[in-house]
Structures are given as structure tokens and as C-alpha cells.
1. Using a cut-off of 14 Å between beta-carbons, work out the net charge of the residues near residue 32 (Lys and Arg +1, Asp and Glu -1, residue 32 not included).
2. From the square roots a ≥ b ≥ c of the eigenvalues of the alpha-carbon gyration tensor of segment 1-91, which class results: rounded (a/c under 1.5), prolate (a/b over b/c), or oblate?
3. Let me know the charge dipole size of segment 78-173 about its Cα centre in debye, to the nearest 20, where only the beta-carbon of Lys, Arg (+1) and Asp, Glu (-1) is charged.
4. Once you have a ≥ b ≥ c as the square roots of the Cα gyration tensor eigenvalues for segment 153-211, tell me rounded if a/c is under 1.5, and otherwise prolate or oblate according to whether a/b is larger than b/c.
5. For the chain, what does the relative contact order come out to in percent, with C-alpha contacts under 8 Å and a separation of six or more?
6. Past the 22 Å Cα-Cα mark, which pairs from 16/174; 5/234; 13/234; 13/57?
7. What do you get for GluC sites (Glu not before Pro) in segment 53-118 restricted to DSSP loop and a cutoff of at most 14 other Cβ within 10 Å of the site's Cβ?
8. Can you return the aspartates and glutamates within cross-link range of residue 40? Criterion is Cα-Cα under 19 Å, with same-chain partners fewer than 8 residues away left out.
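FYI, it's all coordinate maths here, none of it is from the lab. The structure presented is a predicted model; accordingly, all values stated were derived computationally and were not measured. Virtual Cβ from ideal backbone geometry, glycine too; neighbours counted across all protein chains shown.
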Amino acid sequence: MNFEKELRVRPGKRVKLSRYDAADTFGYEKGPESKKLVEKAVARLDELQDVFYAENKRAVLIVLQGMDASGKDGTIRHVMSGVNPQGCNVTPFKVPSHTEAQHDYLWRAHLAVPERGQIEIFNRSYYEDVLVVRVHKLVPEEIWKKRFEQINNFEAMLADNNVKILKFFLHISKDEQKRRFAQRLNDPAHQWKLSPADFAERKYWDDYVEAYEAVLTKCNTDIAPWHIVPANHKWFRNLAVSRIIARTVEGFHSKYPKPSFDFSHYKLK
Ligand code: ADP
């Protein structure tokens, strides 16, 4: 089944997250078969990236958003596991540094926009400026309200300049977040990922849902669509994201460039 299209939010649609099942797997089941499908998509992406990199015509910008513990890091680790490191990069968006805070909110994002031939992943993004910033009232409403349109304009400008934008919202349920936090608490290899802020942020779950619904409704365009990825099941999340990226790069029909000179005069001795 082609579930990729179903995950893509139709532009103009008013998103209510309660209508999306975070545990959906679109009929797929966990097991060796679905594992193979992920491996296939990851391998396909590796092949495609080689020619996409060589062609050097356009760039891909992947925006990953989701509640705490929704699996942003894990998605990056799995989906990009086969890709040539020379052709990709990850930029995390943290609390703005002193220098970043001296600029407009899109400045640091624009600096990290990929050059041609590159796949860039934003682990969080400029969308934080209408999410955490809104939830915690870090700027007045009249400021963040204008940002939806500014972001749409920014993304349209990038699209016009050969940057293909793919946006993923990793959708987990509140119960699943609790389960993952509890797991992290009990696992020394994962405790470092927890911070007191995570517990504090969980109290704002409903505010974040409201803020995300606004983003998924107002900043969802044909040129920069959002995908709502059911992410309670990590294997399905990996399958969905890797397939969507692979299919997108496939759609470029990239070709290896022709050599710039005639090799017939060259002899290997
Ligand atoms: P992560 O949770 O992504 O693994 P951190 O624990 O370092 O990484 O969290 C980064 C934090 O930075 C998040 O709480 C996020 O909301 C915050 N952040 C990102 N961008 C901004 C911003 N523009 N203003 C305020 N906080 C931000």
C-alpha cells in the first residue's frame, strides 16, 4: 500500500491531532518483513544519493519536529545510516546562542540551508519559534503570529532556489512519551537524554498540541508539505520517513554529469 501519500497533509486542511492515531502502522506488522523494507529504503536512498550528489543541481532540506522523546535522534540514526557522510549534515536547533539571539529567528536556519548536492536535516528547526516560543510566551503574540506567513515565504524562496523541503512531524501519544521517559529513567545508557526540562515540558502537552496544530495547518504548502508520521512504533516511523525521502530523491531523476572533457585522448600507462 502507498501509505506515503496518506501521511502527507493536504494543503488547506485544518489539522486536529486527536484524529491521527499515533500507533497506526497502515496494516504493516513488526517483524523481519518490515525490517527488510526499511533496509531496502535505506539502501535505495544510499544509491540515489550518490547520483544526486554527483549531479549537484539541487538540495534537500528535511525538517524534523515532534514532542520530546518522539524519536527525532533515532530517526536520523536509522534513516541516514546508509548515506555517504560527505553528502549529508544534521543541524540541531537548541536554545539560541548569544550570537543567534542577536539576529532575526530565520538567520541561523538560513545559514544552515544545504548547498546543492547535499541533504540537510534540521533536528528541530525555525518552527521552534512558533512552538516553544509561543507556549512559553517568549515573544508577544503579535510577533509570533506573523511568523507563519514569514516561514511560508522563506520556504517558497528556498523552493524557488532548488531546495526541496520535506517536513516530518513525529506523532507520539502522551502515554507513549511517559513510557519512553520511564524507560530512560531506568536505563543508564539513556538517562543522559533526560533533563528536568522534559518533565516540566510534559505539563504543557496540550499547549504544544495547539501550537503544532497551528503549524501543521498554516505552514503546509505544496512546495513544503508536512507529513504526520505515526511514531509510537519506531520501526514504522523509520519505514515511513526513509520511504518518503527515498521516493522524493527518486523523483528528481538525477543523472551523473557528463565528463567535462574528452577522455579519448588520455591513455592510462
Ligand atoms: P533535544 O530535545 O532536541 O534532543 P535539547 O534537550 O538540547 O535537545 O533541547 C533543545 C531545546 O531548545 C528544546 O527544548 C527546544 O524547545 C529549545 N529551543 C529550540 N529553539 C528554540 C528557540 N528558538 N527559542 C527557545 N528555545 C528553543
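1. Details: positive: 30, 35, 36, 40; negative: 29, 33, 39.
So the surrounding residues net to +1.
2. On the way: a/c = 1.76, a/b = 1.39, b/c = 1.27.
Prolate shape, in that a/c is at least 1.5 and a/b is the bigger ratio.
3. Values: 11 positive and 11 negative charges, 45 e Å.
Value, rounded to 20: 220 debye.
4. Working: a/c = 3.07, a/b = 2.11, b/c = 1.46.
Verdict is prolate for segment 153-211.
5. Numbers: 373 pairs, mean separation 99.3, N = 269.
Reported relative contact order: 37 percent.
6. Working: 16/174 15 Å; 5/234 19 Å; 13/234 26 Å; 13/57 32 Å.
Beyond 22 Å: 13/234; 13/57.
7. Working: sites: 55, 100, 115; in loops: 115.
Passing both the DSSP loop test and the Cβ count: 115.
8. Those aspartates and glutamates meeting the cut-off are 4, 29, 50, 250.
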